[in-house]
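*Asks:* Here's a structure for you.
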Amino acid sequence: MDKETIHTLLEEALALRNEARAAAGAAADLFEVDTVVSPRNVIRVFIDAETGVSIEDCVPVSRHIEGGLDRDKEDFEIEVSSAGLDRPLKKARQYRKNIGRRLKLVDRENNTWKGTIVSADDEGLTLHCDAPKGRRKKAAAPEAEENPDRYFAYAQVKEARIEIVF
């Protein structure tokens, strides 16, 4: 399965869907988060938008990609869905969309940080970090307590997930 072909079809589908959203007076802000093709040709496409993703967004994207692939050459299965809160953040637009929300971030040195996203741009994000707890509190640098805002370039982020707070 050619991932480049899938990506091209996805870009076309998102452009068409964004045009339809704009014509209906909605925000034209759909974007790709991730595309995964398994060895068994299961294609999983994750999309997002600042204004949210509905089933009405996923169906035409799925149909467009499926229509551009040839089942006679290769059998496949396709799933198009929103990125969802359980998936890690991958794009700068996702961080911007979630400003003000809680985040659990693991950096490239395997340090875990929790806090609230204060800002995000194309290069990185600023996290208002929680105060260290327990034994970590004693080992924490004094400047961490004075200024809990910490900047992370996206290249420093190993994984980041929104924390669901009840």
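The values are calculated or read from the model by the stated rules, or taken from the named source; none is laboratory data. Everything numeric here is computed off the predicted structure, so don't read it as measured data. Cβ coordinates were reconstructed from backbone atoms using ideal geometry, including for glycine residues, and neighbour counts include every protein chain displayed.
*Asks:* What is the number of the single condition among (1) surrounded by fewer than 15 Cβ atoms within 10 Å (Cβ to Cβ); (2) touching a His at 6+ places or on another chain (Cβ under 6 Å) that A13 does not meet?
*Replies:* Every listed condition holds for A13 apart from (1).
*Asks:* Restricting to segment 36-72, count the residues that are of a type outside the set (S, T, Y) and either outside the structural domain of L14 (by TED's automatic domain parsing) or surrounded by fewer than 16 Cβ atoms within 10 Å (Cβ to Cβ) (or both).
*Replies:* Final tally of qualifying residues: 18.
*Asks:* Something else now. Scan segment 89-111 and give yes if some residue there is within 20 Å of the chain's Cα centre (by Cα), hydroxyl-bearing (S, T, Y) and within 26 Å of H7 (Cβ to Cβ), otherwise no.
*Replies:* Among the residues of segment 89-111, at least one is within 20 Å of the chain's Cα centre (by Cα), hydroxyl-bearing (S, T, Y) and within 26 Å of H7 (Cβ to Cβ), which makes the answer yes.
*Asks:* Also, I was wondering about something else. Is it fair to say L85 is within 22 Å of V53 (Cα to Cα), hydrophobic (A, V, I, L, M, F, W, C) and at pLDDT 95 or above?
*Replies:* Against the criterion (within 22 Å of V53 (Cα to Cα), hydrophobic (A, V, I, L, M, F, W, C) and at pLDDT 95 or above), L85 does not qualify.
*Asks:* Could you tell me which residue of segment 73-119 is surrounded by the most Cβ atoms within 10 Å (Cβ to Cβ), considering only residues that are among the polar types (S, T, N, Q) and assigned to a loop (DSSP other than H, G, I, E, B)?
*Replies:* N98
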